[in-house]
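These notes are about the structure you will find just below.
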Amino acid sequence: MTKVLVLYYSSYGHIETMAEAVAAGARAAGAEVSIRRVPELVPDSVAKASHFKTDQAAPIAEPDELAEYDAIIVGTGTRFGRMSSQMANFWDRTGGLWAKGALVGKIGAAFTSTASQHGGQETTLFSILTNLLHHGLVVSGLPYAFQGQLTLSEVSGGTPYGASTLAGGDGARAVSENELDGARFLGGHVARLAGKLAA
């Protein structure tokens, strides 16, 4: 059975919600899925003062476990048009895997969240994908076969480079059903690609 890792960092819960949808899509495609998150770097007092969602159920990932999976789907909110420092720090710790070529040939993909429509979704997705490419993963975006990213009837995330959501400047906007559909589509698409490569 194809093994898929959904690896995420979420400050306020939007990416956590997206991670669950990505995982559901991968499971529906027949994959065995694990959800892991990367460690928080800010002190507890800062997280509390900033109203971070600290009660997330996913276990903390360790870099070495990435080698156990056929596909890795990475999600994090944007920070000034790039991935969060928490996720960047995690990938900075994967040099040993890179030196061994441990991730070469696996499937990789990305998802993200921004406060606004033009808040850096695509540049953040690329900042994730470059890490995956340096490790030798074969990367996938969110194909236009997912028709939801063509919608003009509502404000919605979703790019050809990965699934995404819009959180609003105050984080009050919930992930929309269309955005969840895109996340599920991405998870299923990656799981099927990984299965084909493993066959």
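Can you name the residue in the stretch 22-51 that is out of contact with any strand residue (DSSP E or B) (no Cβ under 8 Å at 6 or more places or on another chain) and crowded, with 18+ Cβ neighbours inside 10 Å and is also nearest to ALA191 (Cα to Cα) among such residues?
Taking the candidates together, the pick is ALA29.
Look through the stretch 96-127, keep the residues that are in contact with a Ser or Thr (Cβ under 7 Å, 6 or more places away or on another chain) and among the β-branched types (Val, Ile, Thr), and return whichever of them is farthest from THR159 (Cα to Cα).
It comes out as ILE107.
Is it the case that some residue within the stretch 54-72 is part of a strand (DSSP E or B), touching a helix residue (DSSP H, G or I) at 6+ places or on another chain (Cβ under 9 Å) and within 20 Å of ALA23 (Cβ to Cβ)?
Within the stretch 54-72, the subset part of a strand (DSSP E or B) is 60, 71-72.
Retained after the next criterion (residues that are touching a helix residue (DSSP H, G or I) at 6+ places or on another chain (Cβ under 9 Å)): 71-72.
If we keep only those that are within 20 Å of ALA23 (Cβ to Cβ) as well, we get 71-72.
Yes; the residues of the stretch 54-72 include at least one that is part of a strand (DSSP E or B), touching a helix residue (DSSP H, G or I) at 6+ places or on another chain (Cβ under 9 Å) and within 20 Å of ALA23 (Cβ to Cβ).
Just to verify a result, which residue in the stretch 23-67, among those that are among the acidic types (Asp, Glu) and in contact (Cβ under 8 Å) with a residue 12 or more places away in the chain, is nearest to LEU97 (Cα to Cα)? I'd like the intermediate steps shown before the answer.
Initial filter on the stretch 23-67 (among the acidic types (Asp, Glu)): 32, 40, 44, 55, 62, 64-65.
Cutting the leftovers down to in contact (Cβ under 8 Å) with a residue 12 or more places away in the chain gives us 32, 40, 64-65.
Values: GLU32: 22, GLU40: 22, ASP64: 7, GLU65: 10 Å.
Only one residue tops the list, namely ASP64.
Quick test of your reading of the structure: SER11 fulfils all but one of (1) within 17 Å of the chain's Cα centre (by Cα); (2) under 26 Å from GLY136 (Cα atoms); (3) modelled with pLDDT under 95. Name the failing condition by number.
Looking at each condition in turn, SER11 falls short on (2).
Restricting the stretch 109-142 to residues that are out of contact with any Leu (no Cβ under 9 Å at 6 or more places or on another chain) and part of a loop (DSSP other than H, G, I, E, B), which is surrounded by the fewest Cβ atoms within 10 Å (Cβ to Cβ)?
HIS118
For GLY195, are the conditions met, namely being over 23 Å from PHE126 (Cα atoms) and either in contact with a Gly (Cβ under 7 Å, 6 or more places away or on another chain) or outside any loop (DSSP other than H, G, I, E, B) (or both)? Break it down into steps so the answer makes sense when it comes.
Working: over 23 Å from PHE126 (Cα atoms): yes; either in contact with a Gly (Cβ under 7 Å, 6 or more places away or on another chain) or outside any loop (DSSP other than H, G, I, E, B) (or both): yes.
Considered against the rule, which asks whether it is over 23 Å from PHE126 (Cα atoms) and either in contact with a Gly (Cβ under 7 Å, 6 or more places away or on another chain) or outside any loop (DSSP other than H, G, I, E, B) (or both), GLY195 comes out as yes.
Please verify whether the stretch 25-45 includes one or more residues that are outside any strand (DSSP E or B) and of a type in the set (S, T, N, Q). Quick ask: steps written out before the conclusion?
Let us first name the residues in the stretch 25-45 that are outside any strand (DSSP E or B), namely 25-31, 38-45.
From the residues that got through so far, the ones that are of a type in the set (S, T, N, Q) too are 45.
Within the stretch 25-45, one or more residues are outside any strand (DSSP E or B) and of a type in the set (S, T, N, Q).
I'd like the residue in the stretch 47-91 that is among the polar types (S, T, N, Q) and touching a Leu at 6+ places or on another chain (Cβ under 8 Å) and, out of all such residues, is farthest from HIS118 (Cα to Cα).
By that ranking, first place goes to ASN89.
How many residues does the stretch 156-174 hold that are assigned to a strand (DSSP E or B) and in contact with a helix residue (DSSP H, G or I) (Cβ under 7 Å, 6 or more places away or on another chain)? Reasoning before the result, please.
Our first condition is that a residue be assigned to a strand (DSSP E or B); within the stretch 156-174, this holds for 159, 162-166.
Imposing the further condition that a residue be in contact with a helix residue (DSSP H, G or I) (Cβ under 7 Å, 6 or more places away or on another chain) reduces the set to 159, 162-165.
Count: 5.
Restricting attention to the stretch 143-199, which residues are surrounded by fewer than 23 Cβ atoms within 10 Å (Cβ to Cβ), under 18 Å from ALA29 (Cα atoms) and small (Gly, Ala, Ser)?
The answer is ALA145, GLY188, GLY195, ALA198, ALA199.
Looking only at the stretch 52-68, how many residues end up being surrounded by 12 or more Cβ atoms within 10 Å (Cβ to Cβ) and either at positive phi or more than 15 Å from the chain's Cα centre (by Cα) (or both)? It would help to see each step written out before you state the result.
Start the filter on the stretch 52-68 by keeping residues that are surrounded by 12 or more Cβ atoms within 10 Å (Cβ to Cβ), which leaves 52-53, 56, 58, 61-67.
If we keep only those that are either at positive phi or more than 15 Å from the chain's Cα centre (by Cα) (or both) as well, we get 52-53, 56, 62-65, 67.
Result for the stretch 52-68: 8.
The values are calculated or read from the model by the stated rules, or taken from the named source; none is laboratory data. If you're wondering where the values come from, they're calculated on a predicted model, not measured in any experiment. Glycine also receives a Cβ, built like all others from the backbone with ideal geometry; neighbour counts cover every protein chain displayed.
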